[in-house]
1. Calculate how steeply helix 68-81 sits against the longest principal axis of the alpha-carbon atoms of the chain, using the helix alpha-carbon long axis, and give the answer as 0 to 90 degrees to the nearest 10.
2. Residue 272 label point, 7 Å along Cα→Cβ, cut-off 17 Å on backbone N: hits in the range 4-48?
3. Which order results if 78, 135, 226 are arranged by neighbouring Cβ count within 10 Å, fewest first?
4. Tilt of helix 403-412 relative to the longest C-alpha principal axis of the chain, in degrees (0 to 90, nearest 10)?
5. Antiparallel as a % of all DSSP beta bridges within the chain, to the nearest 5?
6. Please work out the Cα center distance from the range 200-222 to the range 224-244, rounded to the nearest Å.
7. Taking neighbour counts of Cβ atoms within 10 Å as a proxy for exposure, in what order, fewest first, do 364, 55 appear?
8. Given R₀ = 45 Å, what would the calculated FRET efficiency be for residue 290 paired with residue 7, taking r from the Cβ atoms and rounding to 0.05?
């Protein structure tokens, strides 16, 4: 009888469904891609923002966002049970100043830590700077999803290049479906279709798209623009209701766009989201802030072979660097309308953009991204056994490479740039 090797025990920390947010969706996708490997045992610690979500397996620890003792208990569990920690970090999901309570869970033990940074600020406030530097120092490796974020880690936070990995946002591994077939599948009217998805909040730039719609409708009278997603629950709590959505709807009425701009007020799960994304002729991300380093919905639309028009925030600027006509200036509704009409009026250009997106995104399907994560997690675990503590570098880390070499490879192979 052969001995069964022990399971590789991963402690995954982040938001998790049924919480409705992009980090929760991402964490679940990471979990699923790692769980596909039979020797992995993954325990999930889910952050709880007090909205009464009911968690079930694989979540085994629920961490109230503002409870210091809960973080300490999590740290004790990690010390006793985990081979490695995989942390999904975003400002605003952990308690204390700039999320400093998280540090309670990461201290008092030397379990190696790999951190995915969903936002890397180039102008942090003092608390953000202090906390992120502490996380960087504690981490054996830092995963980012854009070359720009890697540059900032080096430049602003003085992180050694050998600690940084650029691993793209994963994308669904699905067959190509034409938009007309997808619309028929979900019962959507057969009209030229634009789509934006995500929790509604003022940082999505929807105002710019709504202002662009009269010009788009003038060129494509049957066009429909679907805004898919519930309002962010934190915004609803802060405003005491649907104030923001009501303001958008009021502007739609003022522009007489009620039959053109369609609000689908709900958060959809992955399978349904993929159906909506493939139903779009053009996917639009009109975000107003250049510093946005990650957009899961952009990555998913790209992986599902959609033509995209976007403002040039960091993720989109890297993703579409080879397609400059698909990038438009921030808060410029005229440029937005012109770029969208160019794709709607030109089926050949739109189909070329779809083929390009499909080809370039194939290396970043979730199974492949999950394999990259697991390879890195195993490396830091093995390395920890040969070192005196986390954060050191060993010659066995064959994944290590100077960021300058990484930039060279990305520059030579643009398809490698799919950050999310």
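Any read-out appearing in this document is the output of simple, stated calculations on the displayed coordinates, not a laboratory observation. The model shown is predicted, which means the values in this text are computed figures rather than measured ones. Reconstructed Cβ throughout: ideal geometry from the backbone, glycine too, with neighbour counts over all protein chains shown.
1. Once rounded, one gets 60 degrees.
2. 17-22, 25
3. Lowest to highest Cβ neighbour count: 226, 135, 78.
4. Around 30 degrees separate the two axes.
5. 0 percent
6. Computed from Cα coordinates, the inter-centre distance equals 17 Å.
7. If I rank by nearby Cβ atoms, fewest first, I get 55, 364.
8. 0.55
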